[in-house]
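Note sheet for the following structure.
Nothing in this text is a laboratory measurement; each read-out follows from the coordinates by a stated rule. All figures in this text were calculated on a predicted structure; none of them were measured in a lab. Quick reminder, even Gly has a Cβ in these numbers, built from the backbone with ideal geometry, and neighbours come from all protein chains shown.
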Amino acid sequence: MTIDVNQLIDEVLAKEGGYVNHPADKGGPTNYGITQSTLSRYLERVVTTDEVKTLDIQTARDIYELRYYRTPRIDKLPAAIQPFAFDCAVNHGPRRAIKFIQNVCSEAGFGPLTADGLMGPKTKANADTCLAAMGDWMLTALVEERRMFYLKIVEHTSSQQVFLKGWLNRANSFLPDIA
């Protein structure tokens, strides 16, 4: 199975939509899912809300590929879990996405791994071994890890409840059909 990063980006863009500035969103104004702070870091200068509003889709695509796929080494994970990991990287940050994988591998007995959110050779090897042993059940465990993360967010910050249904739907979209 070969992963096409452009297809992954297309899928994220379909979920993220266009410009949003929801008052309860801790990320502030976003466009194509790119926050004002992410765009500022990418351009290496402070950007305005208007610059977020007028963000072009190619810049968003470039940010996704560089900051959420290649740099955190999501592309080194087994192909079967890359779409999940990439979506998590976009939604929670790359380190959290990799921590999900490290936690699941360790909990399933493929570790121990330090949940540091860094994609090194040990994390890659254990993810490969875990997937080979568990198959689709690894993805199911990853989705459950993500759901629990969302529930903890809402438990600690009740204003985030407004996003919970959408978050859970997003996580559940990665559940495999296991007969």
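A few remarks follow.
- Whole-angstrom gap from the stretch 71-112 to the stretch 114-132, using each part's C-alpha centre: 8 Å
- The loop-placed trypsin sites (Lys or Arg not before Pro) in the stretch 20-78, going by DSSP, that have at most 14 neighbouring Cβ atoms within 10 Å of their Cβ come out as Lys26, Arg45.
- If only the Cβ of Lys and Arg carry +1 and only the Cβ of Asp and Glu carry -1, the dipole of the chain around its Cα centre is close to 460 debye.
- Neighbour-count order for Thr59, Thr48, Thr2, fewest beta carbons within 10 angstrom listed first: Thr2, Thr48, Thr59
- Contact order normalised by residue count of the chain, Cα under 8 Å, 6+ apart, percent: 15 percent
- Partner lysines for Lys15 [C-alpha distance under 29 Å; skip if fewer than 8 residues away on the same chain]: Lys26, Lys53, Lys76, Lys99, Lys124, Lys152, Lys165
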